[in-house]
1. Residues in region 20-62, backbone N under 20 Å from the label point at Ala2 (7 Å along the Cα-to-beta-carbon vector): list them, ranges by number please.
2. Any chance you could run the full-extension gain for Val74 through Ser185? It's 0.36 nm times the residue separation minus the Cα-Cα distance, nm to one decimal.
3. Pairs of Cα atoms under 8 Å, at least six residues apart: use those to get the relative contact order of the chain, whole percent.
4. Could you list which residues have their amide H under 5 Å from that of Glu88, counting only those 5 or more apart in sequence or on another chain, with H placed in the peptide plane?
5. Please work out the FRET efficiency for the pair Leu86 and Asp10, using the Cβ-Cβ distance as r and a Förster radius of 25 Å; give the result to the nearest 0.05.
6. Over 20 Å between C-alpha atoms is what I'm after, so list which of Lys36/Lys173; Lys24/Lys157; Lys24/Lys144 land there.
7. Which whole-angstrom value gives the distance between the alpha carbon centres of region 76-155 and region 1-67?
8. Within 10 Å of each candidate Cβ there may be at most 11 other Cβ atoms; applying that plus a DSSP loop requirement, which trypsin sites (Lys or Arg not before Pro) in region 144-199 survive?
Amino acid sequence: MAFAYALGLDLDPWQAELLQSDSKRDILNCSRQAGKSTVAALLALHEALYQPSSVTVLISPSQRQSSELFRKVVDLRNLLPTPPPLLEDNRLSMNVAGGGRVLSLPGSEATIRGVSAVTLLIEDEAARVDDALYQAIRPMLAVKNGRLILASTPWGKRGHYWEVWDQGQGWEKTRVPADQVPRISTAFLAQEQRELPAHVYRQEYMCDFAESTEAVFAYEHVMAALRDDVLPLFGGQHAT
């Protein structure tokens, strides 16, 4: 908290709680413009400054998006009263002397392997990150038992982000709809609700894992039709 105030940041209550939490697994279900990228960048900068030999990894669906989150880290770093000494400083990474590293990596499972001993892993726009990438990055946390944060606005009932939100055990779950964001006016939300398709408004602003109107079957109906006692037609083992 004191760190945020030193940078001149006025945090929302949920952001302050996240900064003070000692959770190892966090999933943030946030409206657009709720401040999830800002608090993620703040956590990354704090880790690099105050945890020697730490490794923070920023992952997004694309390198451009990861670089945007890293730029927020740099912007916050530039607000410090005294700039930290850097051993490395470029558009994709930084290394603080006596502290830790922050790396922004591309959104490709084939190109991110090799990073180890990660202490903080932030997956931004997690609903749109490929499941294969998510599965590839998790082992990075094994050696240091690092912290994993999934931050996103929903994108339908699909993929690892939805599965963690819906069924994940041992996760701290934070929901921040737009009507709880002081920077977003009620007048703006009212206009958006009038002019956007209902499922889009619920998804982008109300943190709803809304299904497209093009979906033939609702997710709940599909799940209700599944049974464990019926063998598959192909690939299963049938009794002889």
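1. 20-22, 42-52
2. On the way: separation 111, 0.36 × 111 = 39.96 nm, distance 2.88 nm.
Length difference between fully extended and current span is 37.1 nm.
3. Numbers: 406 pairs, mean separation 54.9, N = 240.
Relative CO of the chain lands at 23 percent.
4. Asn95
5. Values: r = 27 Å, r/R0 = 1.09.
Taking R0 as 25 Å, the efficiency between Leu86 and Asp10 is 0.35.
6. Numbers: Lys36/Lys173 13 Å; Lys24/Lys157 24 Å; Lys24/Lys144 11 Å.
The answer is Lys24/Lys157.
7. 11
8. Values: sites: Lys144, Arg147, Lys157, Arg158, Lys173, Arg175, Arg183, Arg194; in loops: Lys144, Lys157, Arg158, Arg183.
Sparse-neighbourhood loop trypsin sites (Lys or Arg not before Pro): Arg183.
FYI, it's all coordinate maths here, none of it is from the lab. Just so we're clear, the structure is a prediction, and the values are computed from it rather than from any experiment. Backbone-built Cβ (ideal geometry, glycine too); neighbour counts: all protein chains shown.
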